[in-house]
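The values are calculated or read from the model by the stated rules, or taken from the named source; none is laboratory data. Here the structure is a predicted model, which means the values were calculated and not measured. Methodologically, a virtual Cβ is constructed for each residue, glycine included, from the backbone with ideal geometry; neighbour enumeration extends over all protein chains shown.
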Amino acid sequence: MAGVLALFRDAASAADSPTVLGIGSWLLAIVFFWSGTAKALRPGAAAEAIQDFGFLGQARPAYGVALGAGEIALGVFLASAAAPFAAAAAAAVLLTLFALVLARSVVRGEQVPCFCFGGDREPVSLRTLGRTGALAALAWFVAALAYRLDAPPGGRSVLLEAAAAAAVVGLAVLGDATVRTLTYGSGTYPTETRS
């Protein structure tokens with residue numbers, strides 16, 4: 001882990017700024033708030049996804065609630081800036097492990113629904129793996145930056161940082177919706193199934 005951290009710490013030196021650290025922390029916090037809330041609101045579906053990935057013998061809604069609550073707690077930890085390195089490192093490890101689970105499913109050709117953000121029942125794909133890998137890379141970058149700066153992000157610009165992060169997430173969602181709209185029915189992009 002020290003080697004990976006050193007690599008990202010060196011890359012982070014180009015963006016050696018508490019504001020960049022704050023925006024990155026908020027980006028991850030928003031992702032974990034969103035994902036955790038989706039799981040907490042639909043714990044049965046979240047538990048089924050956990051089971052489909054092979055981690056449970058029987059799906060119980062309590063597992064979905066626990067996973068959702070854990071993700072929300074990590075989001076709060078990231079947003080609080082109380083311990084930015086610890087929060088970002090925890091997010092990086094979790095996202096990396098999840099990327100490995102997704103990679104296993106993709107390689108095996110499993111048609112497991114991700115349920116990453118609640119509504120999508122599309123099976124895991126290279127797109128899902130890429131998104132998770134990008135989030136893991138962001139978390140490692142934020143952890144390296146927090147380690148390098150050794151100071152909490154934020155201060156006077158915390159609202160601006162949160163707004164900038166929300167704008168980036170909004171653009172990503174809009175971009176994804178645009179791709180879904182443009183490729184709908186083409187067979188190149190899986191569509192959601194409605195129940």
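Somewhere in the range 94-102, is a residue among the small types (Gly, Ala, Ser) and either touching a strand residue (DSSP E or B) at 6+ places or on another chain (Cβ under 6 Å) or modelled with pLDDT of 90 or more (or both)?
Scanning the range 94-102, I find at least one residue that is among the small types (Gly, Ala, Ser) and either touching a strand residue (DSSP E or B) at 6+ places or on another chain (Cβ under 6 Å) or modelled with pLDDT of 90 or more (or both), so the answer is yes.
Take the conditions assigned to a helix (DSSP H, G or I), under 19 Å from Ala82 (Cα atoms), polar (S, T, N, Q) and at pLDDT below 90 and apply them to Thr19. Does it pass?
Criteria met by Thr19.
Going through the range 45-68 one residue at a time, which ones are in a helix (DSSP H, G or I) and surrounded by fewer than 15 Cβ atoms within 10 Å (Cβ to Cβ)?
Selection gives Pro61, Ala62.
Quick check on my filter: what residues within the range 69-89 are surrounded by fewer than 19 Cβ atoms within 10 Å (Cβ to Cβ), in a helix (DSSP H, G or I) and not polar (S, T, N, Q)?
Ala69, Gly70, Ala73, Val76, Ala86
Would you mind stating whether Phe115 is over 18 Å from Ser80 (Cβ atoms), modelled with pLDDT of 80 or more and touching a helix residue (DSSP H, G or I) at 6+ places or on another chain (Cβ under 7 Å)?
For Phe115, the condition - over 18 Å from Ser80 (Cβ atoms), modelled with pLDDT of 80 or more and touching a helix residue (DSSP H, G or I) at 6+ places or on another chain (Cβ under 7 Å) - is not met.
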